[in-house]
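Read the structure below first, then the notes.
Bear in mind that the values in this text are calculations on the coordinates, not laboratory data. What you are looking at is a predicted structure, and each value in this text was computed from that prediction instead of being measured. Because the Cβ atoms are built from the backbone with ideal geometry, glycine has one as well, and the counts that use them run over all protein chains shown.
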Amino acid sequence: MATWATLGRVNSLRFAGALGVASLLALLPSTSGAISGAAQAASVLDGVYTTEQAERGQSLYRRHCTYCHHDDLLGGEDLKVVPPALVGLAFSDRWVGKPIAELFQVLSTTMPWERTKLAPAAYADVISYLLKENGYPAGRQELPADLARLGAIRIVATR
Ligand code: HEC
């Protein structure tokens, strides 16, 4: 990005040209959803689920996930393919740097294993519970079951 010092060195004609481009760019965020979405990009540190939602998620987890990943979310060894831990390093190594949308997509296409599928809202609730158990704060807005909005929320390290 050009600094004011570099701008000061260009001649006035080119400076006017640069301003023209700058004002065009300034118009873009309001006309493009993708860009304004990126501008509001949030992370899991911003309180992206509610306490009630995580509680619903915990009941769903107990009903649909505990069997393989266990109540403590530390995973199991009972199966041919080991159900991984869903907290701590196992979670952060796999998901930090990725948008929640990716976790949502993996869960809603592969879990709770084979053919059983939950409703989209149930996956958002279960993800809320996973976020809570991984130490991310609750907030005032529920986590939406909406891929586009989940794509704008990044999973980052807890600290
Ligand atoms: C029948 C056993 C079983 C159930 C029930 C189950 N899982 Fe899994 N899960 C597994 C296994 C096995 C793997 C590892 C799959 C692999 O490595 O291919 C896994 C992997 C995962 C992963 C990691 C996926 C990845 O790509 O890294 C997540 C997250 C997960 N499960 C969450 C859940 C949630 C949430 C539920 C409940 C909605 C659930 N699982 C229910 C067995 C299960």
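Structural remarks
- Sparsely packed loop sites in the stretch 40-95 (the trypsin sites (Lys or Arg not before Pro) outside DSSP H, G, I, E and B with at most 15 other Cβ atoms within 10 Å) comprise LYS80.
- Span from the the stretch 69-129 Cα centroid across to the the stretch 50-67 one, whole angstrom: 12
- The convex hull drawn around the Cα atoms of the stretch 61-159, when projected onto a plane and averaged over every direction, covers 6.3 nm².
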